[in-house]
Amino acid sequence: MVKVSILFTLFTGISLESTMKGKKAVIITGIGIMIMGVIFHLQGQSIVGPESSFMYSNPQWVTYGIQIVVAGGIILAIGTSLSFIKRN
């Protein structure tokens, strides 16, 4: 834990202990971003949303939705890893 804490502080300038306090917020943010990505993906496929939306039946939003889900998954993984680091 000490080695990880020192490396984290050197590279980010923020102490690892202060980051641990916001792990739930990071996890919730990741989940929220993933949900939005799924909604955008489904709107792009014409499954969800009003037909008047610019995202409705738009192939670009299918790929945007997938990219947003991946970004949310990365944020969720960071929050989860912070949770595991705290336990050790």
Legend entry - Selection within the stretch 33-47 - over 16 Å from the mean Cα position of the chain (by Cα) and either crowded, with 19+ Cβ neighbours inside 10 Å or polar (S, T, N, Q) (or both): Gln43, Gly44, Gln45, Ser46
Legend entry - Yes/no for Ser83 being outside any helix (DSSP H, G or I), modelled with pLDDT under 90 and touching a helix residue (DSSP H, G or I) at 6+ places or on another chain (Cβ under 7 Å): no
Inset, instruction - Pairs only if they're at least six apart or on different chains, beta carbon under 6 angstrom, first in the stretch 56-84 and within 15 Å of Ala25 (Cα to Cα), second small (Gly, Ala, Ser) and not in a loop (DSSP other than H, G, I, E, B); list them, first residue then second. - result: Gly72/Gly30; Gly72/Gly37; Ile75/Gly30; Leu76/Gly30; Gly79/Gly30
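The values are calculated or read from the model by the stated rules, or taken from the named source; none is laboratory data. Please read these numbers as outputs of a predicted model, since none were measured by experiment. All Cβ positions, even for glycine, are placed from backbone atoms using ideal geometry, and neighbour counts span all protein chains on display.
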